[in-house]
Amino acid sequence: MDGSGKMRGICPSCGATAHSEKCPKCGYRLRKGNLPLNQIVFSELNGVKGISIENQLFLVVDHDGKCWRFKLLDTMLNRQLTAWIVCRSPSDLKTSRAALMLRNRLKERYSNALETLETLVIIVENYAEEILERKEKAAPKNGQL
Ligand SMILES: [Zn+2]
């Protein structure tokens, strides 16, 4: 049994036989290609804020009061692709060692991984206030009136 490597020609999401960049049946990405940047959108998954990437990947965006926390999920395969990535600013995703696996995951999927990453950072920066505000409302600090 060869359980290693990718099952070429068979969609891991729906099991259909497919040789295209995306599965014609379910749309799952099977091969590296260009990601249209308008498919990267701020979104919510089961009440968790984050960024949806072509409706297949989801970057969970969290802030613990001190640091930013991210993790990448494959929502179609229901898999977690990275552990929590902790950094001080969203732009650390571009350089931090902690985010290396995130960058690798993007690189293996997208020929424009650099632009994809930049767009993720821009979206986090643009929605930062909203993410932080929600946190404060959800967990009021002790000792405040
Ligand atoms: Zn499929």
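Every number here is computed from the coordinates shown, using simple stated rules; none is lab data. Small disclaimer: the values here were computed from a predicted structure and weren't measured. Using ideal geometry, Cβ is built from the backbone for each residue, glycine included, and neighbour counts are taken over all protein chains shown.
3J(HN,Hα) along segment 35-40, derived from phi through the Karplus expression 6.51 cos²θ - 1.76 cosθ + 1.60 where θ = phi - 60°, amounts to 9, x, 5, 6, 8, 10 Hz, with x in place of Gly and Pro. Taking each DSSP H run with n ≥ 4 as -39500 (n - 2.57) and averaging over every residue of the chain yields -8500 deg cm²/dmol at 222 nm. A DSSP coil position with no more than 16 other Cβ atoms inside 10 Å describes the following GluC sites (Glu not before Pro) in segment 7-100: Glu21.
Between Arg31 and Ser43, the modelled label-to-label distance comes to 2.4 nm, taking each label 7 Å out from Cα in the direction of the beta carbon. Rounded, prolate or oblate: which one fits the chain, using the alpha carbon gyration tensor with axes a ≥ b ≥ c (rounded when a/c is under 1.5, else prolate when a/b beats b/c, else oblate)? Prolate. What angle, in degrees between 0 and 90 and rounded to the nearest 10, separates the Cα long axis of helix 100-109 from the longest principal axis of the Cα atoms of the chain? In the chain, helix 100-109 runs at an angle near 40 degrees to the longest axis. Which of the listed residues, Ala16, His63, Ile85, is farthest toward the dipole's positive end in the chain, when Lys, Arg count +1 and Asp, Glu count -1 at the beta-carbon? Of Ala16, His63, Ile85, it is Ala16.
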